[in-house]
Amino acid sequence: MAEVGALRVPPTVLIGNGLVSMLGRVAAPLGRRVLLCTDELLASGEQGRRALAALRDGAGLDVDVLDAAVPELPRRSVEAAIAVAQRHAPDCVVGLGGGSAIDLAKLVALGLSVDVPLDQFYGEGHVPGPTVPVIAVPTTAGTGSEVTPVAVLSDPEIELKVGISSPHLIPRAAVCDAELTRGAPPQLTAHAGIDALAHAIESYTAARGTPPEDLVARVFVGGNVLTDRFALHAVSKLASSLRGAQEDDPAARADALEGSLCAGLAFGTAGTAGAHALQYPLGARTNTPHGLGVGLLLPFVMAYNRPACEPRLADVAEAMGLERNAGAAVDGVRALAIDLGLPASLRELGLERSELAGLAAQAVGIDRLARNNPRTLDLAGAGAILDAAWRGQVEDLQEHYE
Ligand SMILES: NC(=O)c1ccc[n+]([C@@H]2O[C@H](COP(=O)([O-])OP(=O)(O)OC[C@H]3O[C@@H](n4cnc5c(N)ncnc54)[C@H](O)[C@@H]3O)[C@@H](O)[C@H]2O)c1
Ligand SMILES: [Zn+2]
């Protein structure tokens with residue numbers, strides 16, 4: 001039987017240099033009142049100026065600016081932003097920024113639509129219906145949040161960051177303009193870019209064969225024929241561009257944004273897996289950025305997964321422009337992460353080896369990510385990945401292949 005496919009994406013996705021100038025035209029059909037949701041840095045910078053010019057001067061819209069996005073999005077800051085947004089009563093929310101600002105826009109739109117405490121929506125599929133429409137304008141090539149059904153925040157009552165996932169959180173439109181990513185600092189570019197590569201590789205190698213009823217009922221349904229196309233294209237664009245993007249080369253910036261967008265189109269339906277499951281507790285314990293943890297862990301997770309997805313990892317290697325061989329994909333991702341300046345081992349983050357078992361237990365408990373891993377991610381497996389990553393020895397997980 002032919003394989004099934006599933007894809008949930010925004011109705012409008014635009015990508016191209018300079019296209020932020022079209023933002024007003026994209027927003028105008030949704031109503032006159034726009035809330036531009038961003039952070040202080042971007043609101044006062046070139047990105048904010050160009051977005052405002054497109055909305056106000058380009059389309060004559062009535063725009064309020066909410067520059068309330070902060071890293072990690074603590075729940076209290078999100079609730080305060082929702083309270084401010086309620087006074088503006090916008091017809092649409094534009095999210096301008098990295099994953100944090102776009103996720104805030106999604107949460108503000110949700111809070112404007114349903115007056116229920118945010119924790120009622122934690123997890124998958126609890127948003128009851130459409131929200132105020134969101135238009136997402138990324139300024140980092142990374143999270144893919146401009147097209148995905150998830151928003152991530154932190155809640156002091158819960159140790160790990162929490163996600164709210166629902167097809168109703170998929171933005172109405174994504175406007176992707178690589179000019180807005182220029183000038184982003186090298187470290188931000190590296191962390192965001194390697195996160196995007198992880199989205200692509202984890203979607204392409206994710207568990208498959210979701211039963212038809214789950215294709216409808218679940219938000220993240222595993223790898224399938226449709227997400228595969230975007231995932232492999234993303235791998236090829238990201239692997240060839242991230243080094244140049246870090247040097248702010250304009251063509252590389254454009255390729256990196258195309259790659260992160262396509263990775264978002266893939267993982268927004270397929271979901272991610274082991275590297276993301278392990279990053280959540282690691283990020284909480286070490287207070288390190290999402291992309292740093294995911295990028296450091298990714299080659300170790302790939303090496304662990306190799307027996308379950310050898311041919312797919314060979315496809316990844318080929319898309320990266322390497323010899324068509326699973327081991328080359330693992331080594332290529334590891335070399336890229338190190339070239340981009342990521343730490344080579346978990347030990348460098350100040351972790352004690354004795355802490356790894358606790359992190360492994362937390363990771364395998366994140367069911368939506370653990371069950372999406374192509375090889376069973378049990379306590380022993382998660383522990384082996386973390387131990388090899390702590391020592392910085394990916395060969396230990398690879399060696400029986402050589
Ligand atoms: N919703 C999703 O699908 C999804 C997926 C992955 C990660 N995330 C979340 O996204 C967040 C990370 O997002 P991020 O990596 O894009 O970073 P970010 O949004 O947290 O931004 C980090 C910093 O970079 C600055 N910045 C953004 N663009 C810039 C630019 N062009 N030039 C200079 N500075 C710029 C911001 O002002 C901010 O200070 C994490 O909280 C993560 O949990 C969400
Ligand atoms: Zn990620």
Open item on the list: With a cut-off of 8 Å between alpha carbons and a minimum separation of six or more residues, what is the relative contact order of segment 287-396 in percent?
Closed with: 30
TODO: In a Gaussian network model over the chain where Cα atoms closer than 10 Å are linked, find which of Glu72, Glu352, Glu179 has the largest mean-square fluctuation.
DONE: Glu352
Task: segment 8-101 - percent relative contact order, Cα under 8 Å, separation 6 or more - done: 39
Open item on the list: With an 8 Å Cα cut-off and a minimum separation of 6 or more residues, compute the relative contact order for segment 165-285 in percent.
Closed with: 36
Open item on the list: Rounded, prolate or oblate, given the Cα gyration tensor of segment 244-402, with a/c below 1.5 counting as rounded?
Closed with: rounded
TODO: Would you work out which of Gly291, Leu359, Ala344 lies farthest towards the positive end of the dipole of segment 257-402? Charges go on Cβ: Lys and Arg +1, Asp and Glu -1.
DONE: Leu359
Task: Two-site FRET efficiency, Ala361 against Asp339, from Cβ-Cβ distance with R₀ of 35 Å, rounded to 0.05 - done: 0.60
TODO: Give the shape of segment 352-402 as rounded, prolate or oblate, defined through the alpha-carbon gyration tensor: a ≥ b ≥ c are the square roots of its eigenvalues, a/c under 1.5 means rounded, and otherwise the shape is prolate if a/b is larger than b/c and oblate if not.
DONE: oblate
Task: Separation in nanometres of the label points that stand 7 Å from Cα toward Cβ, at Asp249 and Glu395 - done: 3.1
Task: Charge dipole magnitude, Cβ of K and R +1, D and E -1 - segment 340-402, Cα centre, debye nearest 20 - done: 260
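Expressed in nm², what is the orientationally averaged projection area of the convex hull enclosing the Cα positions of the chain?
Mean shadow area of the hull around the Cα atoms is 17.9 nm².
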Open item on the list: Please state the shape class of segment 72-160: rounded when a/c is under 1.5, otherwise prolate if a/b exceeds b/c and oblate if not, all from the C-alpha gyration tensor.
Closed with: rounded
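Quickly estimate the mean residue ellipticity at 222 nm for the chain, helices only: each DSSP H run with n ≥ 4 gives -39500 (n - 2.57), and the total goes over all residues, rounded to 500.
About -15500 deg cm²/dmol.
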Task: Fewest-first sequence of Met22, Met302 by Cβ atoms within 10 Å of each Cβ - done: Met22, Met302
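Read-outs throughout are calculated quantities, based only on the coordinates presented, and are distinct from any laboratory measurement. Predicted, not measured: the structure shown is a model, and the values here were computed from it. We place every Cβ from the backbone using ideal geometry, glycine too, and count neighbours over all the protein chains shown.
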